[in-house]
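Please read the structure below before turning to the comments.
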Amino acid sequence: MNDLSLPFDTKYMPLAKLQEMHRRSLESPEEFWAEQARQLDWFKPWDKVLEWDPPFARWFVGGQLNASYICVDRHAKSWRRSKVAIYWEGESGDRNSRVLSYSTLYAELNRFAALLKKLGVSKGDRVALYMPMIPELPIFMLACARIGAIHTVVFSGFSAQALADRINDTQAKMLITADGGFRRGKVLPLKATADEAVASCPSIEHVIVVKRADNPVNMKDGRDIWLHEQLEPETHYVAPEPVESNHPLYILYTSGTTGKPKGIVHSTGGYMVHNYCSYKWVFNIKEESVYWCTADVGWVTGHSEIVYAPLAHGAAMVIYEGAPDYPDVDRWWQIIEKYGVSIFYTSPTAIRMLKGFGEKEADKHDLSSLELLGSVGEPISPEAWLWFYKYIGKERCPIVDTWWQTETGTIMISPAPGIVCAPLKAGSATFPLPGVDAEIIDEAGNPVPPETRGYLVLKKPWPGMMLGIHNNPDRYRSTYWERFPGKYLSGDYAVTDRDGYFWILGRADEVLKIAGHRLGIAELEDAAASHPSIAEAAVTGKADPVKGESIVVFALLKPEFTPSPQVRQDLIYHLRKVIGPIATPEAVYFTTKLPKTRSGKIMRRILKAVVENTPIGDISTLEDQTAVDEVIKSFQEQSAEQPGKPVSSTG
Ligand code: WTA
C-alpha cells in the first residue's frame, strides 16, 4: 500500500466533523437529504423523501422543480446576472473566445427553448445532441430541461453507427449537431457523420445545425435547420416547465459487459440535489472561484461537473473547445493563467500526458491562482498524483481524487475540502461522502478486512442514482443488484488501508478504461467480429503509461483471408467506423487459436498476461493448451510490425 508522507502536516485536521456528518447521513438519510434538498428551488415541495422499492428508488416524490430554473433563472434574477457563467475558449485562442454572463445565458436559454417548442418538441420527448465543445451544447441541454424534454448527448468522437444506435434506442425526434468541430486544428465533419446516422433513424423529424467550423455541409430540405436562421432575434420568455422530481432529466449511454451500451436514465430532483451537494463538499466552491473541468460534455463528468452542478451554484467556469496539446503542449497551463483558474479538475490520463511534456511547460505560466486540483475517471498512481501536487499545485493545493460513475450520477468517494479535508494520501479517494454507504466485499458477499481486495458495493440508495436503464428494467436489476442482493455492484475492485482510506483499483468486470473513456470488451469484440474477414475476435486491455489502458485485439481470420498489414488496417478502420476513434486498437494480432475453456469461454487473462509479459498462471482449465503457445508466437512475431499509437484524446 502506498502510504506516502506528504509535505504538509495533516495530523491535526479535524476529521471528526466529516465522520459525524457521515454518521448522521446514514442514520437518518431521509432527514439528511430533505435538509439538503431545501437548498434548491422547488415549485412544489415533495410529499415523500424516498420511495424505495428495491432496486428502484424514487426521491422527493411529488416535488416539482425545473433544472434550468435552478441553473440559470435564479442567478439571472439575482446580483449574479452580471457574473460570468462561462468563459469559453476556442481552440484557436483569442480570436475565438466568448464570455457569457448569467443574464446572457438566460437570454440564450430562452431563445433556444422557444425554438425547440416551435419545432414541436414537448415534455417527455427525447432530443439527441452530437456536438463539439461549444456553448450551444450546454445551452441546448438546459433548453431541453426547460421544456421537460429529455436530452441524450452522444460524445462527438462516436461513429455514425454508434450515434444511430443511441438515437434509435431513445426514439429521439430531434438531433442537434454542428457543421463541424475543431480538434488539433482539423475540422471534424460532424454534420456528415450525423447525416449518415440519421439515414437509419426514422424517429428524427428535424436536425438543428449550429454553424461552428464553416465547413461545407449538405442540408436536407424540410428536415435540416440552421440554428442562426431560425432563432428569434429577441428573447421570448419560455416558462420553465415544472416537472415531477422523477421526471427524467437525461439519458446517457455507457458501456457494460454485453455488446449493447446501456442508456442510463437520471432523474431531475434527486440528481440535482445530490450533485449540488457533492459539488460543494468536494470542490469547496466559492463565489469568487474560477472553475475548470476539462472533460467533454459528452460524458457524465461533463453532464454533472460542467453543466448541472457548477451552474446550480452560480459558479464561473471555463469551457475549452480543443485538445490539451494544441497548438502547443502548454496550452492548458496558458488557459489557467489567462482566466485565473482556481479549481482545476481533470483526468489521470491528462495528468500523465502533461507530466510527459514536463513541468518546464507549466513553469512558463503563472499558476498561482490555483487553489484546488481534482482527478476523475481512472485510478491515479501515486507518482502522477505527486507530480500534480508538486508541480502544478506547488504543494499548496489539495487534490480531490473523485470516484464515481455514470450510474451514480455524482461523486461518491472523495476528499471533501468543502466540509473538511481529510489528510490526503497520494492515490487514495479517501472516504465516502455523506449519504454514501460503501463497503468492500468478497465473492460470498462478506465484508473483507483492511488491505484485502474486494468488490466495491453501495448499500443504500442515494439521490443521484440512476432511475434505471432505458427500456430495460431487467438488465438494470441483473447488472447491478442481483449478484449481491440489496447491494449495488459498482463493477470496481477496491481496498481499504488500516486507516480506513479507500483505494480504487480498477474494473473488476470486462470493461476497459481507455484514456478514461469507458468501453466494453464485448462491444469491441462484436464490432471486430462484424468485419467480413474475421471469424472470431478476442479483446484485452494492456497497461499503457499514458492512457491507463489500450486496446489489443487477437483475431482469427476466416479461411479465405491471410494475415497482412492491409487486413490489419482494414480491421482498425472498421472498429473506428463502428464505434469511433476512441476504439482504435493499439495492436491487432492474427492468430490461429484463441485460449478457451472447455465450455468455450475465452480466457482473456491469458491474452493480457501475454501482452503485458506477466506470468500466464494456471492453464489447466484450457480446452487446448497449445493455444497459449500459438498466441505467444503471434504476439512475438507480429509485435515489431506495430509500434503503438499516440494518445488521441483524453477523458
Ligand atoms: C473509474 C466517470 C479510480 C471506475 C465519472 C468507474 C475511477 C468508472 C475513478 C466509471 C477514480 C472513476 N479512481 N477509478 N477516482 N473515477 N473511475 O461511468 O472504474 O465513465 O467504475 O464515469 O471509472 O466510468 P464513467
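The values are calculated or read from the model by the stated rules, or taken from the named source; none is laboratory data. These numbers were taken from a predicted model, which means no experiment stands behind them. Here the Cβ is made from the backbone with ideal geometry for all residues, glycine too, and neighbour counts use every protein chain on show. These area figures cover heavy atoms from the full protein model, side chains too; ligands, DNA and RNA do not enter into them. Shrake-Rupley method; radii C 1.70, N 1.55, O 1.52, S 1.80 Å.
From the list Ala555, Ala583, Ala529, Ala535, the one residue that fits, being open to solvent by less than 10 Å² (accessible area, probe 1.4 Å) and more than 30 Å from Leu354 (Cβ to Cβ), is Ala555.
In the set Arg184, Arg223, only one residue is at positive phi, open to solvent by 10 Å² or more (accessible area, probe 1.4 Å) and among the basic types (Lys, Arg); that residue is Arg184.
Of all residues in region 475-490, those satisfying the criterion of being within 12 Å of the ligand (Cβ to nearest atom) and crowded, with 20+ Cβ neighbours inside 10 Å are Tyr480, Tyr488, Ser490. For region 241-252, a residue qualifies if it is within 16 Å of the ligand (Cβ to nearest atom) and either surrounded by fewer than 24 Cβ atoms within 10 Å (Cβ to Cβ) or of a type in the set (Val, Ile, Thr) (or both), and exactly one does: Ile251. Elements of the type helices (runs of 4 or more DSSP H) sitting completely within region 316-422 and holding at least 3 residues that are within 16 Å of the ligand (Cβ to nearest atom): these cover 348-357, 382-387. In summary, Trp52 fulfils each of the numbered conditions (1) open to solvent by 50 Å² or more (accessible area, probe 1.4 Å); (2) without any contact (Cβ under 8 Å) to a residue 40 or more places away in the chain with the single exception of condition (2).
One residue stands out in region 491-518 among those that are outside any loop (DSSP other than H, G, I, E, B) and farther than 30 Å from Ala444 by Cβ: the one that is nearest to the ligand (Cβ to nearest atom), namely His517. Among the residues of region 209-226, some residue qualifies, meaning at least one is assigned to a strand (DSSP E or B), assigned by TED's automatic domain parsing to the domain that holds Ala162 and among the charged types (D, E, K, R). Residue by residue through region 98-120, note down the ones that are within 22 Å of Ile204 (Cα to Cα), of a type in the set (Gly, Ala, Ser) and either without any contact (Cβ under 8 Å) to a residue 40 or more places away in the chain or open to solvent by less than 30 Å² (accessible area, probe 1.4 Å) (or both). Within region 98-120, Ala113, Ala114 qualify.
Okay, residues lined up against (1) aliphatic (A, V, I, L, M); (2) part of a helix (DSSP H, G or I):
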| site | (1), (2) |
| --- | --- |
| Ile70 | yes, yes |
| Trp88 | no, no |
| Glu91 | no, no |
| Glu108 | no, yes |
| Gly157 | no, no |
| Asp169 | no, yes |
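Taken together, Ala555, Ala527 contain a single residue that is assigned to a helix (DSSP H, G or I) and small (Gly, Ala, Ser), which is Ala527. Would region 462-469 turn up any residue that is more than 22 Å from the chain's Cα centre (by Cα), open to solvent by 10 Å² or more (accessible area, probe 1.4 Å) and more than 12 Å from the ligand (Cβ to nearest atom)? The answer is no; no qualifying residue exists. Only one entry of Thr614, Thr562, Thr592 meets the criterion of being in the same structural domain as Ser530 (by TED's automatic domain parsing), open to solvent by 20 Å² or more (accessible area, probe 1.4 Å) and in contact (Cβ under 8 Å) with a residue 24 or more places away in the chain, and that entry is Thr592. Of all positions in region 443-455, at least one carries a residue that is within 15 Å of the ligand (Cβ to nearest atom) and under 23 Å from the mean Cα position of the chain (by Cα).
Residue check: is Glu439 within 16 Å of the ligand (Cβ to nearest atom) and modelled with pLDDT of 95 or more? In short, yes.
Any chance region 92-101 includes a residue that's farther than 22 Å from Thr193 by Cα and among the β-branched types (Val, Ile, Thr)?
yes
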